[in-house]
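Peer 1: Okay, here's the structure, questions in a sec.
Nothing in this text is a laboratory measurement; each read-out follows from the coordinates by a stated rule. None of the values given here were measured: they were computed from a predicted structure. Cβ placement follows ideal geometry from the backbone for every residue including glycine, while neighbour counts extend to all protein chains displayed.
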Amino acid sequence: MSPLTSITLENFKGYAKSQKIPIKPLTLIFGPNSAGKSSIFHALAFLKWCQYKGNCNPDVVELGWESVSLGGISNLVHGHDLSRTMKIGLGLLQVHTHGVNQINTEWEFGSSAESVGGLRLGEVA
């Protein structure tokens, strides 16, 4: 498993512009109510659900011992504007016998990704 080094959100809930959130071995996420703290975890739950369940328009996702209500893609895209393309990026460290590589992967969801709730995956430089 590759360690997570960053999360990038764009047009996801309260994150309109692209925002890169660095992840270190000890990362504290704090701030006032409605600042977007839960959105970071919702993005990860959303990605997991898309990858493992094949449903990129989830109302509720199951995360181990509890359910998280995401309300579908229209609730996740910034401003509930389905014409926007929602992007979620992950930075990962790939450790192998020859060294360490930084991998940046981005997923796009929305009308420009074939259909609402569509998924497009690609590596980003």
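Peer 1: Taking region 8-52 as the region of interest, how many residues are at negative phi and either basic (Lys, Arg) or in contact with a Gly (Cβ under 7 Å, 6 or more places away or on another chain) (or both)?
Peer 2: Residues flagged as at negative phi and either basic (Lys, Arg) or in contact with a Gly (Cβ under 7 Å, 6 or more places away or on another chain) (or both) within region 8-52 amount to 9.
Peer 1: Go through region 76-103 and give me each residue that's touching a residue at least 24 places away in the same chain (Cβ under 8 Å), out of contact with any Leu (no Cβ under 7 Å at 6 or more places or on another chain), polar (S, T, N, Q) and surrounded by fewer than 16 Cβ atoms within 10 Å (Cβ to Cβ).
Peer 2: Passing the criteria: Ser83, Gln94.
Peer 1: Here's something else I'd like to know. Taking region 19-28 as the region of interest, how many residues are under 16 Å from the mean Cα position of the chain (by Cα) and assigned to a loop (DSSP other than H, G, I, E, B)?
Peer 2: Total meeting the criteria: 1.
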